[in-house]
Amino acid sequence: MTENFIIYSNLELTQISISSKYIPDNITTTTETYSNSIRSIFNMIDKKEALEILKTYIDKDCVNRISNFIDLRGLASIVLWLINTFPINISSISITEDVESSQPLFVEIRINNCDWEEWKYLAKYTKDTLNREGLGDIAGKVVLVCNQAMQIS
């Protein structure tokens, strides 16, 4: 089976088809064609599949804190959408909490090898997509952080 996706190659729009052999084994697919949207990915995965996807990026101790703050299916959907839409490498996912109250503030998705302009584009496009697809509650809880852009020389 082939899935059609729109991806960005060097952040330029390109449409491709991906053979189902490249879709992770823990993702159940059907013969339906899904658009490359965060919402369509969200609708395809369950909580167990989301945990499998996220365990690559999240420390085991952090999973419960994150799951009490944000829907893991939504977070996993963002991760899958990002890595299948842009030529990026996600290094980790963590939660940032208020120092005094220990209340969660946001979930960080840390990305390697992007500069300020790419980071600005990724962050804005991802937030706009989440809001456009009716996932604004998740958009307010997730931030993309580019490791290289944050380094101070």
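The values are calculated or read from the model by the stated rules, or taken from the named source; none is laboratory data. Here the structure is a predicted model, which is why all the values come from computation and not from measurement. Don't worry about glycine lacking a Cβ; one is built from the backbone with ideal geometry, like all the others, and counts go over all protein chains shown. With ligands, DNA and RNA removed, areas are computed over all heavy atoms of the protein, side chains included. Shrake-Rupley method; radii C 1.70, N 1.55, O 1.52, S 1.80 Å.
Laid out as a table, the results:
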quantity	calculated
Chain lengthening between Lys60 and Arg132 when straightened (0.36 nm per residue, less Cα-Cα)	22.8 nm
At most 15 other Cβ within 10 Å, DSSP loop - trypsin sites (Lys or Arg not before Pro), region 77-153	none
Amide hydrogen neighbours beyond the local backbone of Val142, cut-off 5 Å, H modeled	Val107
Cα centroid separation - region 37-65 against region 93-108, whole Å	18 Å
Accessible surface, region 60-153, averaged per residue in Å² (probe 1.4 Å)	53 Å²
Lysine pair count for region 49-153 [Cα-Cα under 24 Å; pairs on different chains or 8 or more apart]	6
In Hz, Karplus ³J(HN,Hα) per residue of region 56-62 (6.51, -1.76, 1.60; θ = phi - 60°; x = Gly, Pro)	5, 10, 10, 5, 3, 5, 8
